Amino acid sequence: MIYALDRFSVERVIPRNESLAIRCMSSAPVRAQRNIEYGQLDEKLYVGILPLVFDDIIPEDKELNPGSYDDYILFTEDHASRITDFLKRNKDKFQDIVVSCDYGNSRSCGVGVAIGDHFGSEYSPDLLERDLNLHVYSVLLNQLGRDFPELATTKIR
């Protein structure tokens with residue numbers, strides 16, 4: 001099962017099964033603007049933790065507002081590759097994936113739904129009702145297709 005949580009909930013949740021955690025954190029300038037602090041996840045509770053830094057923006061934000069998003073980090077193929085490498089390294093070690101971002105609403109849903117759609121894995125149904133970041137979703141789904149072509153629409157475990 002794939003879950004998307006906000007930055008506060010993920011620090012309080014105790015996974016029921018062997019789980020991976022993917023943390024989608026905002027960049028330093030954005031955190032400073034919003035006064036966001038990220039606590040530490042208990043490494044003993046997760047098989048692996050992947051921290052990523054990128055902001056909840058899409059390419060059009062930068063194109064339509066030149067200069068306004070210069071300090072923001074867009075999700076790229078490099079971020080997607082880090083996720084697929086993380087999944088490869090841990091592929092036989094987990095049952096669940098917990099993805100978190102600031103509000104558990106956009107970036108984490110984009111990551112979680114892309115993984116679920118590619119592998120045919122179950123994800124929390126409410127993920128589709130949230131404001132899924134389609135840029136994150138499409139970049140990651142394309143990378144998953146390149147790195148796991150033989151596993152498309154199959155369960156991870």
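The values are calculated or read from the model by the stated rules, or taken from the named source; none is laboratory data. Just so it is clear, the model here is predicted, and its values are computed rather than measured. Note that each Cβ is placed from the backbone with ideal geometry, even for glycine, and that neighbours are counted across all protein chains shown.
Remarks
- Only one entry in L74, L141, L128 is over 19 Å from Y38 (Cβ atoms), at pLDDT 90 or above and either in contact with a Cys (Cβ under 6 Å, 6 or more places away or on another chain) or outside any loop (DSSP other than H, G, I, E, B) (or both), namely L141.
- For T76, the criteria (1) under 15 Å from L140 (Cα atoms); (2) surrounded by 15 or more Cβ atoms within 10 Å (Cβ to Cβ) hold in every case but one, which is (2).
- Yes/no for T84 being at pLDDT 95 or above, surrounded by fewer than 16 Cβ atoms within 10 Å (Cβ to Cβ), of a type outside the set (F, W, Y) and out of contact with any strand residue (DSSP E or B) (no Cβ under 9 Å at 6 or more places or on another chain): no
- Selected residue (criterion: surrounded by the fewest Cβ atoms within 10 Å (Cβ to Cβ)) from residues of segment 105-120 that are modelled with pLDDT of 90 or more and part of a loop (DSSP other than H, G, I, E, B): N105
- Residue within segment 62-71 that is closer than 22 Å to G112 by Cβ and either surrounded by 13 or more Cβ atoms within 10 Å (Cβ to Cβ) or touching a Cys at 6+ places or on another chain (Cβ under 7 Å) (or both) present: no
- The listed residues are D78, D70, D117, and the only one of them that is over 22 Å from G145 (Cα atoms) and acidic (D, E) turns out to be D70.
- Count of residues meeting criterion [more than 15 Å from the chain's Cα centre (by Cα) and not acidic (D, E)] in segment 10-28: 7
- Filtered residues of segment 95-104 (kept if in contact with a strand residue (DSSP E or B) (Cβ under 6 Å, 6 or more places away or on another chain) and either surrounded by 20 or more Cβ atoms within 10 Å (Cβ to Cβ) or part of a strand (DSSP E or B) (or both)): D96, I97, V98, V99, S100, C101, G104
- Matching residues, segment 121-138, being surrounded by fewer than 22 Cβ atoms within 10 Å (Cβ to Cβ), within 28 Å of Q40 (Cβ to Cβ) and of a type in the set (A, V, I, L, M): L127, L132
- Residues of segment 1-21 satisfying the condition of being closer than 10 Å to S100 by Cα and of a type in the set (D, E): D6, E11
- Residues that are crowded, with 17+ Cβ neighbours inside 10 Å, in a loop (DSSP other than H, G, I, E, B) and in contact with a helix residue (DSSP H, G or I) (Cβ under 6 Å, 6 or more places away or on another chain), drawn from segment 16-55: F54, D55
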